[in-house]
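Data first, discussion second: the structure below is written as structure tokens.
None of the figures in this text is laboratory data; all of them are computed from the coordinates on show. A quick note: this is a predicted structure, and the numbers were derived from the prediction, not measured. No Cβ is skipped: glycine too gets one built from the backbone with ideal geometry, and neighbour counts run over all protein chains shown.
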Amino acid sequence: EQAVAKLGEETGKPPQGRACDVTDAGSISKFFAFTDDLWKTLDILVNNAGIGVFRSVGEMSAADWQRTIDTNLTGVFHFSHHAIERFRRSGGGFIVN
């Protein structure tokens, strides 16, 4: 709450946000619909969702592996793909991984 208040003071606008499951295509589409409605354009994407399973491969389950890949790689791909569509329409943008 303090960070939100501080950002609002510094920018003159309250920050906006929305939770998103980066492993779910429907959630990602809803997230970008939200951003399109709110800002109309996109300048930067920061891919910062990630998980780690800190066990040896022999101790990991297939579900652990798939959840890690879906979050850390597939989510980045889908978010980047959506962002690049918007960057093309607006003339450019940046992706930070």
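Listing for the model above:
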{"item": "Nitroxide proxy distance, nm - points 7 Å out along Cα→Cβ at T11 and E59", "result": "4.1"}
{"item": "DSSP-assigned coil residues among chymotrypsin sites (Phe, Trp or Tyr not before Pro) in region 8-67, each with at most 10 further Cβ atoms within 10 Å", "result": "F54"}
{"item": "Helical contribution to [θ] at 222 nm, DSSP H n ≥ 4, -39,500 (n - 2.57), averaged over the chain, rounded to 500", "result": "-16000 deg cm²/dmol"}
{"item": "Overall form of region 1-60 per C-alpha gyration tensor (a/c, 1.5; a/b vs b/c)", "result": "oblate"}
{"item": "Qualifying trypsin sites (Lys or Arg not before Pro) for the chain [loop in DSSP, other Cβ within 10 Å: at most 10]", "result": "K40, R55"}
{"item": "Low-density loop cleavage sites - GluC sites (Glu not before Pro) in the chain, where at most 13 other Cβ are within 10 Å (DSSP)", "result": "E1, E59"}
{"item": "Inter-centroid distance (Cα atoms) of region 58-97 relative to region 1-43, Å", "result": "17"}
{"item": "Cβ-defined net charge surrounding R55, 15 Å radius [Lys, Arg +1; Asp, Glu -1]", "result": "-1"}
{"item": "Unit charges at the beta carbon, dipole of region 19-97: most positive-side option, G75, G52, N97", "result": "N97"}
